[in-house]
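The values are calculated or read from the model by the stated rules, or taken from the named source; none is laboratory data. Keep in mind that this is a model prediction, so the values were computed, not measured. Heads up, the Cβs are rebuilt from the backbone with ideal geometry, glycines too, and the neighbour counts pull from every protein chain shown. For the accessible areas, the whole protein counts, side chains as well, though only heavy atoms, and no ligand, DNA or RNA atoms are used. Shrake-Rupley method; radii C 1.70, N 1.55, O 1.52, S 1.80 Å.
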Amino acid sequence: MLIQIVEDDRALSDGIRLALREPELAFVQNTNIRQAKKTFVQENPQLIILDVNLPDGNGYDYLQWVRERSSLPVLMLTANDMEMDEVKGLSLGADDYVTKPFRIAVLRARIQVLLRRVQMQKVSEYTEDGFRFDFERLRFTKKGQEISLSVNEQRLLHLLVENKGRILTREVLVDRIWGDGEYVDENALSVTVRRLRGKLEDKQDHGSYIQTVYGQGYMWKRKDRGDM
């Protein structure tokens, strides 16, 4: 799961990342709104920790921009402790609001609540175009025929299906399949994609579902009905 931290105080941003670090979490750190928007589009975070006062604008503006595109959890983290500031953040769609200074234990607890919400909303089953993927029971079929997938192929498939229609960069996929800090050969992802395609797609389908977006990454996109 990818968490986006939008905070111009690098020391604080690093402290938050270290305090929240767990094997299943990955982090991307941005110091301004311009970077944050680019990250949002390219890397598809599942939760945002957002400061209000940023060098190139107001965090509330970024919150509104995000809410036009997603319902993912957003926690506002700011020195603005006036009641009206909190009300504004919540009314614009923030899920929680923490004022500085704060205790790391309290921040962790609030983040865990939001992460549990994300987990509950995760795709557990996908059925379309003859595919049936049951990620809870780890059963995968195509037109009724069982497909045997490795653990990494299962993780890749889940990420792609869960973010259907959105590009996932190679960096994000590597981090979330193999885990932060683990050495991974640069060809590992390409090999995993190729093997998964070979198991899911017929020759005439190749690249219709797991699409390569050159220079960016991969995405799951249902084959156009006109091509069926």
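What to note about this one:
- The fraction of accessible area contributed by carbon and sulfur in the chain is 47 percent, rounded to a whole number (1.4 Å probe; ligands and nucleic acids excluded).
- Value of [θ]222 nm, deg cm²/dmol, for the chain, DSSP H segments ≥ 4, -39500 (n - 2.57) each, nearest 500: -12500 deg cm²/dmol
- Across the range 1-85, Cα-Cα pairs farther apart than 16 Å form 48% of the total.
- Ranked by the mean number of other Cβ atoms within 10 Å of their residues, highest first, the peptides 47-58, 128-139 come out as 47-58, 128-139.
- For the chain, the solvent-accessible area works out to 53 Å² per residue, with a probe of 1.4 Å and every protein chain left in place.
- Top of Q29, Q46, Q145 by mean-square fluctuation, Gaussian network on the chain, Cα under 10 Å: Q145
- Cα principal axis extents for the range 42-102, largest first, Å: 32, 23, 20
- When the alpha carbon gyration tensor of the chain is reduced to an equivalent ellipsoid, the three semi-axes, largest first, read 36, 18, 16 Å.
- 5 angstrom amide H check on V52, placed H, neighbours 5+ away: L77, A79
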